Amino acid sequence: MPTSRSELNPEEMLVELKKLRFKSKLQDSLATELEREKLAVIEAKSLIQRKSNELESTVKKLKFESQLRRNLSSELERQEAAAVKAQELALQKKSEIEDISSRLSRYLPSRLYDSIFSGEQQVEVSSKRKKLTFFFSDLVGFTRISDSLESEEVTDMLNYYLTEMASIALEFGGTIDKFVGDAIVIYFGDESESEVQENAFKCVSMAVAMQERMKGLERIWAPKYGLKDPLQMRVGINTGYCTVGNFGSKDRLDYTVIGGQVNLAARLESAARPGSILVSFDTFSQISGDIECIELEPATLKGIKEEVRVFEVCSNKKNTLRVLRIATENAECRINVDQLSGQEFEELMEFVENVRRSIKK
């Protein structure tokens, strides 16, 4: 039976007291440790929750990024397909524009067409004064002959004729102003920087080439269309100042030439004999050294008060197309090939050689 505390001696009581104190301290230590472990568990749970939340957030972020990549990939594919389609459409539109542009070029003078599409020429009502050489021509009796032919034959013959004449005009550098039925209006000097004399020479030479071509067309047309009389062209040419530019309204413009000097060329054409070329004195004064002409009786022309000095070109190909010319800022030379003598040729070659040696030095 345990001994009661009253029965313990002082030493035993002291030992017992120490045990009790140790036991109390041990209990306190255990309580403290348990509290720490409890706090550690709570902290661990909190950390686990936090990490779990972070992991969940990371997973959601990764899922979002994955979905975003998929959406972005799909969008890029759609955009790529749209870009390919847009490129195809752009190429198609470019082809259509080029086709339309090509068609429009056939309705406009070449320089005017180029300047409009390059942005150099403004499409607005404007004009300028310039000295040009004007050419008018028509086919004598064409209206009467066309009445006896079928419309298809008339169209075929007229288009063939205009194509041949236009080809010659472009070869000599002329600007085709317009076709009015079988009539043709051409001018020289607006597109080029050539001198007035050079432009007049080109225009008359072109007219002679056209008359030469008409002889070939007569041989083609006679059997093809059963023409009893050959079609002949008459030509009027004048050189002078005119107004050239855009005329019309804001909705409809025409790039052309106007003025009294233009009308004079038209009147000369009306007065010309079939198959001939009439030029005014102003044109004759520019070409007299290169092309042979015969002065006719002064003519009274409709709409012109005073009599006009008129010259008929001698349509001799030798006198026109065999004259070679060169004119630059620092040099000018004109050679009549057919009349050049051997001595003149040697002198010319010696001159060229001297120039060459001088340039080398």
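Residues in the stretch 231-268 that are of a type outside the set (K, R) and in a helix (DSSP H, G or I): G260, Q261, V262, N263, L264, A265, A266, L268.
Residue-wise test of (1) among the basic types (K, R); (2) under 38 Å from the mean Cα position of the chain (by Cα).
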| residue | (1), (2) |
| --- | --- |
| V235 | no, yes |
| N263 | no, yes |
| R267 | yes, yes |
| A271 | no, no |
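Being part of a loop (DSSP other than H, G, I, E, B) and either closer than 17 Å to E269 by Cβ or under 45 Å from the mean Cα position of the chain (by Cα) (or both) is the filter here; which residues of the stretch 287-297 pass it? Answer for the stretch 287-297, where residues must be part of a loop (DSSP other than H, G, I, E, B) and either closer than 17 Å to E269 by Cβ or under 45 Å from the mean Cα position of the chain (by Cα) (or both): S288, G289, D290, I291, E292, L296. A residue that is of a type in the set (V, I, T) and more than 22 Å from C242 (Cα to Cα) cannot be found anywhere in the stretch 172-180. Within the stretch 170-178, the presence of a residue that is in contact with a helix residue (DSSP H, G or I) (Cβ under 9 Å, 6 or more places away or on another chain) and without any contact (Cβ under 8 Å) to a residue 24 or more places away in the chain is excluded. Applying a threshold of 9 Å to beta carbon distances and a minimum spacing of six or more residues, or different chains, the list of pairs starting in the stretch 227-249 at a residue that is more than 20 Å from L264 (Cβ to Cβ) and ending at one that is at pLDDT below 75 and in a loop (DSSP other than H, G, I, E, B) reads N246/Q121; N246/Q122; N246/V123; N246/E124; N246/V125; G248/V125; S249/V125. Looking only at the stretch 273-292, filter to residues that are hydrophobic (A, V, I, L, M, F, W, C) and free of Cβ contacts under 8 Å to residues at least 40 places away in the same chain; which one of those is surrounded by the most Cβ atoms within 10 Å (Cβ to Cβ)? Applying the filter and picking the extreme gives F284.
Go through the residues of the stretch 15-33 one by one and say whether even a single one is part of a helix (DSSP H, G or I) and modelled with pLDDT of 85 or more. Yes: the stretch 15-33 contains one or more residues that are part of a helix (DSSP H, G or I) and modelled with pLDDT of 85 or more. Among the residues of the stretch 46-57, is any in a helix (DSSP H, G or I) and at pLDDT below 80? For the stretch 46-57, residues in a helix (DSSP H, G or I) and at pLDDT below 80: absent.
Reported count of residues in the stretch 128-146, each being touching a helix residue (DSSP H, G or I) at 6+ places or on another chain (Cβ under 9 Å) and free of Cβ contacts under 8 Å to residues at least 24 places away in the same chain, is 1.
Does R252 satisfy being surrounded by fewer than 21 Cβ atoms within 10 Å (Cβ to Cβ), more than 28 Å from the chain's Cα centre (by Cα) and assigned by TED's automatic domain parsing to the domain that holds F142? Taking the combined requirement at face value, the residue does not satisfy it. The one condition from (1) among the small types (G, A, S); (2) closer than 13 Å to S205 by Cα; (3) at pLDDT 90 or above that S285 does not meet is (2).
Among the conditions (1) surrounded by 11 or more Cβ atoms within 10 Å (Cβ to Cβ); (2) among the small types (G, A, S); (3) at pLDDT 70 or above, A327 misses just one, which is (3). Taken together, K302, K228 contain a single residue that is within 27 Å of K130 (Cα to Cα), more than 36 Å from the chain's Cα centre (by Cα), modelled with pLDDT under 90 and part of a loop (DSSP other than H, G, I, E, B), which is K302.
Checking every residue in the stretch 212-231 against the condition of being of a type outside the set (A, V, I, L, M, F, W, C) and surrounded by 21 or more Cβ atoms within 10 Å (Cβ to Cβ) gives zero matches.
The values are calculated or read from the model by the stated rules, or taken from the named source; none is laboratory data. From a predicted model like this one, the values you see are computed outputs, not experimental measurements. Virtual Cβ from ideal backbone geometry, glycine too; neighbours counted across all protein chains shown.
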